[in-house]
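> The structure's right below; bear with me while I get my questions together.
The values are calculated or read from the model by the stated rules, or taken from the named source; none is laboratory data. Since the model is a prediction, treat every value here as computed from it, not as a measurement. Neighbour counts run over all protein chains shown; Cβ positions are idealised from the backbone, glycine included.
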Amino acid sequence: MNLQTPLGRARGLGSAKSGTKHWWAQRVTAIALIPLTIWFVVAMISATGNDYNNAQQFIGNPINAILFILLIVATFHHAQLGLQVVIEDYVHNKPMEIGLLIITKGTVIVLGLSSVFAVLSITFGVA
Amino acid sequence: MAIDNRPLSPHLQVYKPQLTSVLSILHRITGVALAIGTLLLVWWLIAAASGPDYYDTAQRCIGSTIGRILLLGWTYALFYHLANGIRHLAWDSGRGFELNTAYLTGWLVIISSIVLTIVTWIAGYVVMGGS
């Protein structure tokens, strides 16, 4: 069922001009994070109390490294989408809202890239 | 403009807290907490990439009493957000909106998140040999 007029559909995308993209990305990253989170918890339990050398082996193991990177990307993407909704809902001062949205986006990029770099540098042994 | 002073609904403070509404706001709170909690993972990974001294410092901080309390809170927030997130995905597919189902799945989320947190921590202590 579609309640939109053909003109409304053609103009589409709503007031945020992004349509359902945000909603879908949030769900897709959520679904991806279900198995990744379960892996992460099990992996971190097995790595509890690791000394430095064991931690290097653990993070640098190719499969773990790939899963860590997938987890990091999905987590920070999902976190940004979620924080965006919270900010848009509760911050009613427009300049403040836009500022916070930019800061959270910048922060997740910096944190995400730093974490991926850390994992890769351990895997390739450049640390 | 008049629009700026317009009262916004819903006036949440006039409602008695219910399981469904409390779980709903908890989903947001745990989501924000997890976003902040990622700092711990980022720090741990960078410390592990920076050398034995940095790694040992990170391990000592995370293993301290305060570190463990934070990690326990983070574990619970993770399982809560995971379990309630699955509940949300079911709602997104149009299922589970009946009142008794919403309450049943709500309780399932509470019980499973507590049980999973306890199991995870017991497993962690077993791996570490009880220390």
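> Testing B:Trp107 on (1) more than 27 Å from A:Gln56 (Cα to Cα); (2) at the interface with chain A (Cβ under 10 Å from one of its Cβ atoms), one condition comes back false. Which one is that?
(2)
> Now for a separate question. Just need a number here: residues in the range B:1-41 that are among the charged types (D, E, K, R), at pLDDT below 95 and assigned to a helix (DSSP H, G or I). I'd like the intermediate steps shown before the answer.
If we filter the range B:1-41 for residues that are among the charged types (D, E, K, R), which is where we start, we get B:4, B:6, B:16, B:28.
The next check asks that each one be at pLDDT below 95; those that pass are B:4, B:6, B:16.
Those left that are additionally assigned to a helix (DSSP H, G or I): B:4.
So the count comes out to 1.
> Sticking with this one: Could you check the range A:16-61 and list, in sequence order, the residues that are more than 10 Å from chain B (Cβ to nearest Cβ), touching a helix residue (DSSP H, G or I) at 6+ places or on another chain (Cβ under 7 Å) and without any contact (Cβ under 8 Å) to a residue 40 or more places away in the chain?
Listed by number, the residues that qualify are A:Leu36, A:Trp39, A:Ala43.
> Filter the range A:89-108 down to the residues that are part of a helix (DSSP H, G or I) and free of Cβ contacts under 8 Å to residues at least 12 places away in the same chain and list them by number. Step through it out loud before you land on a result.
Start the filter on the range A:89-108 by keeping residues that are part of a helix (DSSP H, G or I), which leaves A:89-90, A:94-108.
Answer for the range A:89-108, where residues must be part of a helix (DSSP H, G or I) and free of Cβ contacts under 8 Å to residues at least 12 places away in the same chain: A:Asp89, A:Tyr90, A:Lys94, A:Pro95, A:Met96, A:Glu97, A:Ile98, A:Gly99, A:Ile102, A:Ile103, A:Gly106, A:Thr107.
> Here's a follow-up. Restricting the search to the range A:45-96, which residues are more than 15 Å from the chain's Cα centre (by Cα), crowded, with 19+ Cβ neighbours inside 10 Å and not polar (S, T, N, Q)?
Once the filter is applied, which keeps residues that are more than 15 Å from the chain's Cα centre (by Cα), crowded, with 19+ Cβ neighbours inside 10 Å and not polar (S, T, N, Q), the range A:45-96 yields A:Ala55, A:Ile59, A:Gly60.
> Which ones in the range B:90-113 are loosely packed, with under 15 Cβ neighbours inside 10 Å and assigned to a helix (DSSP H, G or I)?
B:Ala90, B:Trp91, B:Asp92, B:Leu99, B:Asn100, B:Thr101, B:Tyr103, B:Leu104, B:Trp107, B:Leu108, B:Ile111, listed by residue number.
> Moving on to the next point. Please find, among A:Gly82, A:Gly125, the residue that is in contact (Cβ under 8 Å) with a residue 24 or more places away in the chain and facing another protein chain (nearest Cβ under 10 Å). Can you show your working first?
Working: A:Gly125 fails: facing another protein chain (nearest Cβ under 10 Å).
After applying the criteria, what remains is A:Gly82.
> Here's something else I'd like to know. Scan the range B:42-54 and give yes if some residue there is small (Gly, Ala, Ser) and outside any helix (DSSP H, G or I), otherwise no.
Taking the range B:42-54 and keeping what is small (Gly, Ala, Ser), we get B:47-51.
Then drop every residue that is not outside any helix (DSSP H, G or I), which leaves B:51.
Looking through the range B:42-54, at least one residue is small (Gly, Ala, Ser) and outside any helix (DSSP H, G or I).
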